[in-house]
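Values in this text are rule-based calculations from the coordinates and carry no lab data. Nothing here was measured: the structure is a model prediction, and the numbers come from that model. Don't worry about glycine lacking a Cβ; one is built from the backbone with ideal geometry, like all the others, and counts go over all protein chains shown.
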Amino acid sequence: MPIHPTAIIHPSAELAANVDVQAFSIIEAHVHIGSNSVIGPHNVIGAGTVMGENNRTYSGAQVGVTPQDLKHKLGKAGRTVLGDSNIIREFVTVSSSTVYDGEPEETQKETRIGSHCLLMSTCHVGHDSTLGDHVIIANGVPLAGHVTIHDRAFIGGLTGIHQFCVIGTMAFIGGMARINKDVPPYMLCEGHPARCFGPNTIGLERNGLSPEQIKTIRNIYKILYRSKLNISQAVSRIESEIDDCNEKKTLLDFIANSQRGLTK
């Protein structure tokens with residue numbers, strides 16, 4: 001695949017032999033890009049970014065660029081790591097991790113995107129955020145810094161997500177929601193502020209969960225959200241009444257690790 005003559009590639013960048021870099025794109029220092037990847041026109045791939053194989057970026061995308069954080073140590077490149085087979089659409093911005101004064105390099109965090117993710121046009125992934133695999137983020141979604149999105153979650157268009165929030169696996173966020181609490185796995189949330197309306201049944205079916213698994217998730221939801229118990233009481237009841245299974249473990253682990261509290 002060709003590298004367009006107008007592209008600017010730093011001598012220290014390492015590109016697989018079949019990477020296509022299109023017109024007017026800039027590849028900064030110490031970038032690694034895996035095979036069969038396409039870097040669209042007018043892109044910037046920031047210093048230190050590592051991209052796996054079969055990634056595709058579209059016009060105007062900026063990946064691994066300097067974070068929008070006033071505490072970032074200017075002149076230092078953060079870390080940004082992408083897996084394989086991601087689609088980064090037009091004018092998406094992905095900030096690198098923030099580098100703080102005096103921070104040892106071995107403790108530096110990174111912005112990480114898994115594999116098989118779709119980031120639709122104009123969305124933003126803030127510094128030090130982590131996306132799992134098969135995550136879909138619709139148009140115009142801003143993720144603040146330090147956001148975590150687990151595998152196979154879907155974020156509807158124009159949704160705003162507060163820093164340090166966690167979105168659980170297979171959760172569905174309706175468009176234009178305001179997320180300022182953690183969203184449990186398997187659940188459907190929407191609103192301003194967002195509220196939980198029950199299991200993401202269609203998404204669970206599409207991801208291959210059986211009717212028995214979905215029934216278990218629905219029973220956990222009823223205890224957690226419809227029983228008028230507080231979180232600790234609901235957790236105790238879930239532990240005693242729900243048979244052990246992966247879905248129960250995933251939900252209870254998520255609740256135990258939540259720092260911002262659950263969406264109401």
Across Ile231, Ile88, Ile217, the residue with the highest GNM fluctuation in the chain (Cα network, 10 Å cutoff) is Ile231
In the neighbourhood of Thr159 defined by beta carbon distances under 13 Å, the net charge of the other residues (Lys, Arg +1; Asp, Glu -1) is 0
Taking Cα pairs closer than 8 Å and at least 6 residues apart, the relative contact order of region 8-146 in percent is 17
Once both label points are put 7 Å beyond Cα along the C-beta direction, the Ala23-Thr6 separation in nm becomes 0.4
Hull volume per residue for region 8-146, using the convex hull of the C-alpha atoms, in Å³ is 93
XL table Lys71/Lys264; Lys181/Lys248; Lys76/Lys264; Cα-Cα > 28 Å flagged, in table order, is Lys71/Lys264; Lys76/Lys264
D (µm²/s, integer) via Stokes-Einstein for region 41-87, Kirkwood Rh across alpha-carbon pairs, 4 °C, 1.567 mPa s: value 112
A correct Karplus calculation of ³J(HN,Hα) over region 211-223, with 6.51 cos²θ - 1.76 cosθ + 1.60, θ = phi - 60°, whole Hz and x for Gly and Pro, returns x, 5, 5, 5, 4, 4, 4, 5, 5, 5, 4, 4, 5
For the chain, the charge dipole (Cβ of Lys, Arg +1; Cβ of Asp, Glu -1; about the Cα centre) points to a positive end, and the Cα of His116, Gly126, Ser97 closest to that extreme belongs to Gly126
Note to self, the chain gives a 222 nm [θ] from helices alone (DSSP H runs n ≥ 4, -39500 (n - 2.57) apiece, / all residues, nearest 500) of -4500 deg cm²/dmol
Long-range share for region 136-264, i.e. C-alpha pairs more than 24 Å apart as a percent of all pairs, stands at 22
Once Glu106 and Lys222 are pulled to full extension, the length gained, defined as 0.36 nm per residue separation minus their Cα-Cα distance, is 37.4 nm
Neighbours of Asp20 by Cβ distance under 15 Å: Lys/Arg at +1, Asp/Glu at -1, summed charge 0
Here the FRET efficiency for His30 versus Asn207, based on Cβ atoms and R0 = 41 Å and rounded to 0.05, is 0.65
Ordering 237-246, 96-105 by per-residue average of other C-beta atoms within 10 angstrom, highest first, gives 96-105, 237-246
For region 188-264 (alpha-carbon point model, no solvent) the Debye-based log₁₀ I(q)/I(0) at q = 0.14, 0.21 Å⁻¹ works out to -0.45, -1.04
With label points set 7 Å from each Cα along the Cα-to-Cβ direction at Gln163 and Lys249, the distance between them in nm comes to 3.4
